Amino acid sequence: MTTTLPAHAVGGPDLPQVRRVSTAVPGPRSNALARRRAAALPAGLASSAEVYVAAAGGGVVVDVDGNSFIDLGSGIAVTTVGNCAPAVVARATEQLRRYTHTCFLATPYEPYLEVAETLDRLTPGAFEKRTALFNTGSEAVENAVKYARAATGRPAVVVFDHAFHGRSLLTMTMTAKNRPYKHGFGPFAPEVYRAPMAYPYRWPSGPEHCAAEAFAQFAHLIDAQIGPDQVAAVVVEPIQGEGGFIVPAAGFLPAVAEFCRQRGILLVADEVQTGIARTGAWFASEHEALVPDLVVTAKGLAGGLPLAAVTGRAEVMDAAHPGGIGGTYSGNPVACAAALGVFDEIRRHDLLGRAHTLGEQMVTHLRAIAATTGVIGEIRGRGAMIAAELVHPGTTDPHHDAVTSVTRHCQRHGVLTLTAGTHGNVLRFLPPLSMPDDLLTEAFTVLGEGFASL
Ligand SMILES: *Cc1c(COP(=O)(O)O)cnc(C)c1O
C-alpha cells in the first residue's frame, strides 16, 4: 500500500507561505504511515513530530494530510537556505544528469575541488588550508580526530560537558549525554577526557566567575591529569547545539585557544550545527575571533544532501598518509553541487544579514513571552540559533514538562519546534533563513499561546 500524496506536493519557495491545519494533528494519512512504520522500523528510531512530510519550502513544511506547518527547525539546522532552495535544486539536478557517483577515491571530479576551495577561503585563519569531504557530521568529527592524532602523534582528545559530537563509537564517546545517546552502547572509545563547559546560566558561583573558573578547571585537567604532551586535540562547539545552545562565557574560548597554542594541542571547532551562516557569520568561531586549527562542518553545508567537511591547516591535514582518509560516498558529486548552490544562495540573498535579523526578531518575541510567564529562565544564542531554557518559576530547576507541552501545543497548531539540553528543558529555534517575517511572527504568536496554556 502506498499513500497518495496531495496534488500540491511540490516543494520550494513557491509553496504557499501559510500556516494551515485542516485535520487533527497527526491526520489520517500520517496515522496510516505511523502504523506501517511501527511494523517495519525498529523502536530505537524516534521522530519528534508525528506528521509525515509531503513537501517543504521557504518557511513551511506540508504534511501528507495537507496541513502546512511553520518550520522552526530546518531539519535540525540543515535546510538553512530553505528547503528545495532554487540554486541547490538547480545545481544538484544538473549534476544528477551528468553522473551520480564515481567515487572520488577512484575517479575524481571538479565539484569536490570547488567546495574544498570555498571552505578553505571562508573558514577563519589566513594560513594555507586543505579540506577533505565526508558524509555526516559524526564521520567528519571522527576524521578530525584522526588528522589531529596523525599530526601530533598524541592519543588524547578533550571535550566538554553538554557536548554533542555524533553517534558513531568515537563521537558517541565524545558526546556528553547518556540518554538517549550512550545508554547500553558501551564500552566506549579510550582516551576521551571531559572538561566543564563555561555555561553561564548554570555556573555554581555565578555567571561573572564562569569564564575564569571553567578555564582553570580545563587547564588543570590537561596540565595536571592528562599531561599536555598527551593531548592531540580539544574539540569544542563554539555554541553547543544539542546541549541547549549554550554560548560559552565571553573570553572562555579565546583562553582555551591560547592554552592549546602554547602546548601544541590542536583546537578543533565542531561547527556542524553552528556553521554555514546559521549564527549570522559563516562560522560561529568568528564571533570571538577564534581561529581553530581544524573546522568541522556538515548540517547546513549542502542544503539537505549528506555532506560534511574537515577544513584546516595544510600541515595538519597533510599529516595523514595517502590512502589513510576517505570513504566510498565521501564528497558525493550531487551533494557537492548542492553545497555550491548553498554558497550561491547565502551570497545572493545576504543570508548572513538575514540570520541576524531573524535572531533579533526571535529574541524580541521571546522576551515578550517571558514577560507573561515565569518559566523562561534564559533566552540565548546568536543569529538564527536562539533558545529558551525553561525552569520552574522562581528557581533554576529544569522544567522538562513545560517544554513537552509547549512543543505539543505548537505541533497541534501548525508550528514545528525542536528541543535540546542535557535536561531536555530547552526549546530551540532554527528557522530556515528563507522564513518570511510575518510567518515568523505568526509562529511565535502560537508559541506564546502554548506558554499561556501551561
Ligand atoms: C549533528 C551534530 C553532529 C553529528 O552530525 P551527524 O551528521 O548527525 O552525524 C556533530 N556535531 C554537532 C555539533 C552536531 O550538531
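The values are calculated or read from the model by the stated rules, or taken from the named source; none is laboratory data. Keep in mind it's a predicted model, so treat the numbers as computed, not measured. Backbone-built Cβ (ideal geometry, glycine too); neighbour counts: all protein chains shown.
Results for (1) surrounded by 15 or more Cβ atoms within 10 Å (Cβ to Cβ); (2) in contact with a helix residue (DSSP H, G or I) (Cβ under 7 Å, 6 or more places away or on another chain); (3) closer than 22 Å to residue 67 by Cβ, shown as yes or no for each residue.
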site	(1), (2), (3)
394	no, no, no
407	yes, no, yes
411	yes, no, yes
418	yes, yes, yes
435	yes, yes, yes
443	yes, no, yes
446	yes, yes, yes
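Here's the yes/no breakdown for (1) assigned by TED's automatic domain parsing to the domain that holds residue 268; (2) within 16 Å of the ligand (Cβ to nearest atom):
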residue	(1), (2)
302	yes, yes
311	yes, yes
315	yes, no
325	yes, no
335	yes, yes
338	yes, yes
354	no, no
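In this structure, does residue 121 turn out to be of a type in the set (Lys, Arg), touching a helix residue (DSSP H, G or I) at 6+ places or on another chain (Cβ under 7 Å) and more than 16 Å from the ligand (Cβ to nearest atom)?
Against the criterion (of a type in the set (Lys, Arg), touching a helix residue (DSSP H, G or I) at 6+ places or on another chain (Cβ under 7 Å) and more than 16 Å from the ligand (Cβ to nearest atom)), residue 121 does not qualify.
Go through the stretch 90-116 and give me each residue that's under 15 Å from residue 307 (Cα atoms) and either small (Gly, Ala, Ser) or touching a strand residue (DSSP E or B) at 6+ places or on another chain (Cβ under 9 Å) (or both).
Matches in the stretch 90-116: 92, 104, 112, 115, 116.
Out of curiosity, is residue 240 out of contact with any helix residue (DSSP H, G or I) (no Cβ under 6 Å at 6 or more places or on another chain) and surrounded by 23 or more Cβ atoms within 10 Å (Cβ to Cβ)?
Spelling it out, residue 240 is indeed out of contact with any helix residue (DSSP H, G or I) (no Cβ under 6 Å at 6 or more places or on another chain) and surrounded by 23 or more Cβ atoms within 10 Å (Cβ to Cβ).
Any idea how many residues of the stretch 172-182 are within 16 Å of the ligand (Cβ to nearest atom), polar (S, T, N, Q) and surrounded by fewer than 18 Cβ atoms within 10 Å (Cβ to Cβ)? If you could, list the steps in order and put the result at the bottom.
We begin by selecting, within the stretch 172-182, every residue within 16 Å of the ligand (Cβ to nearest atom); these are 172-177, 180-182.
Applying the additional criterion that residues be polar (S, T, N, Q) yields 173, 175.
Imposing the further condition that a residue be surrounded by fewer than 18 Cβ atoms within 10 Å (Cβ to Cβ) reduces the set to none.
Within the stretch 172-182, residues that are within 16 Å of the ligand (Cβ to nearest atom), polar (S, T, N, Q) and surrounded by fewer than 18 Cβ atoms within 10 Å (Cβ to Cβ) number 0.
What pairs come out if I take residues in the stretch 48-76 that are farther than 13 Å from residue 10 by Cβ and pair them with residues that are modelled with pLDDT under 95 and away from the ligand (no atom under 16 Å from the Cβ) whose C-beta lies under 6 Å away, six or more apart or interchain?
Correct list of pairs: 64/3; 66/6.
What are the residues in the stretch 204-237 that are β-branched (Val, Ile, Thr) and either within 16 Å of the ligand (Cβ to nearest atom) or part of a helix (DSSP H, G or I) (or both), if any? Full working, then the answer.
In the first step, residues of the stretch 204-237 are kept if they are β-branched (Val, Ile, Thr); the result is 222, 226, 231, 234-236.
222, 226, 234, 235, 236 - these are the residues of the stretch 204-237 that are β-branched (Val, Ile, Thr) and either within 16 Å of the ligand (Cβ to nearest atom) or part of a helix (DSSP H, G or I) (or both).
Is one or more of the residues making up the stretch 90-104 away from the ligand (no atom under 16 Å from the Cβ), in a helix (DSSP H, G or I), under 24 Å from residue 321 (Cβ atoms) and among the β-branched types (Val, Ile, Thr)? Please lay out each step first, then the result.
Residues of the stretch 90-104 that are away from the ligand (no atom under 16 Å from the Cβ), as a first pass: 90-104.
Filter once more, so that each one left must be in a helix (DSSP H, G or I): 90-98.
Now restrict to residues that are under 24 Å from residue 321 (Cβ atoms): none.
No, because not a single residue in the stretch 90-104 is away from the ligand (no atom under 16 Å from the Cβ), in a helix (DSSP H, G or I), under 24 Å from residue 321 (Cβ atoms) and among the β-branched types (Val, Ile, Thr).
Check off (1) among the small types (Gly, Ala, Ser); (2) crowded, with 24+ Cβ neighbours inside 10 Å; (3) within 22 Å of residue 122 (Cβ to Cβ) for residue 257 and give me the number that stays unchecked.
(2)
Scanning for something hydroxyl-bearing (Ser, Thr, Tyr), away from the ligand (no atom under 16 Å from the Cβ) and either surrounded by fewer than 18 Cβ atoms within 10 Å (Cβ to Cβ) or touching a residue at least 12 places away in the same chain (Cβ under 8 Å) (or both), does the stretch 183-193 turn up at least one residue? Can you show your working first?
Step one: of the stretch 183-193, the residues hydroxyl-bearing (Ser, Thr, Tyr) are 193.
Retained after the next criterion (residues that are away from the ligand (no atom under 16 Å from the Cβ)): 193.
Still in the running and either surrounded by fewer than 18 Cβ atoms within 10 Å (Cβ to Cβ) or touching a residue at least 12 places away in the same chain (Cβ under 8 Å) (or both): 193.
Yes.
Give 81, 25 a once-over and let me know the one that is in contact (Cβ under 8 Å) with a residue 60 or more places away in the chain, closer than 20 Å to residue 344 by Cβ, assigned to a loop (DSSP other than H, G, I, E, B) and in contact with a helix residue (DSSP H, G or I) (Cβ under 9 Å, 6 or more places away or on another chain).
81
Looking at the structure I just gave you, is residue 112 touching a Gly at 6+ places or on another chain (Cβ under 6 Å), away from the ligand (no atom under 16 Å from the Cβ), of a type in the set (Ser, Thr, Tyr) and over 30 Å from residue 29 (Cα atoms)?
Yes, satisfied.
If you scan the stretch 143-171, which residues turn out to be of a type outside the set (Val, Ile, Thr), more than 9 Å from the ligand (Cβ to nearest atom) and either buried (at least 19 other Cβ atoms within 10 Å of the Cβ) or at positive phi (or both)?
Taking the stretch 143-171 and keeping what is of a type outside the set (Val, Ile, Thr), we get 143-144, 146-151, 153-156, 160-170.
Retained after the next criterion (residues that are more than 9 Å from the ligand (Cβ to nearest atom)): 143-144, 146-151, 153-156, 160-162, 169-170.
143, 144, 147, 148, 149, 151, 153, 154, 156, 160, 162, 170 - these are the residues of the stretch 143-171 that are of a type outside the set (Val, Ile, Thr), more than 9 Å from the ligand (Cβ to nearest atom) and either buried (at least 19 other Cβ atoms within 10 Å of the Cβ) or at positive phi (or both).
Within the stretch 385-426, which residues are part of a loop (DSSP other than H, G, I, E, B) and among the acidic types (Asp, Glu)?
Listed by number, the list holds a single entry, 397.
Can you tell me how many residues in the stretch 284-298 are within 13 Å of the ligand (Cβ to nearest atom) and either surrounded by fewer than 24 Cβ atoms within 10 Å (Cβ to Cβ) or more than 14 Å from residue 238 (Cβ to Cβ) (or both)?
Total meeting the criteria: 1.
From the list 79, 93, 23, pick out the single residue that is surrounded by 13 or more Cβ atoms within 10 Å (Cβ to Cβ) and in the same structural domain as residue 336 (by TED's automatic domain parsing).
93
State which residue is nearest to the ligand (Cβ to nearest atom) when the search covers only the stretch 238-282 and only residues that are of a type in the set (Val, Ile, Thr) and assigned to a loop (DSSP other than H, G, I, E, B). Don't jump to the end; show me each part of the working.
Filtering the stretch 238-282 down to residues of a type in the set (Val, Ile, Thr) leaves 239, 246-247, 256, 265, 268, 272, 274, 276, 279.
If we keep only those that are assigned to a loop (DSSP other than H, G, I, E, B) too, we end up with 239, 247, 265, 272, 274, 276, 279.
Working: 239: 9, 247: 14, 265: 20, 272: 4, 274: 7, 276: 12, 279: 13 Å.
The extreme case among them is 272.
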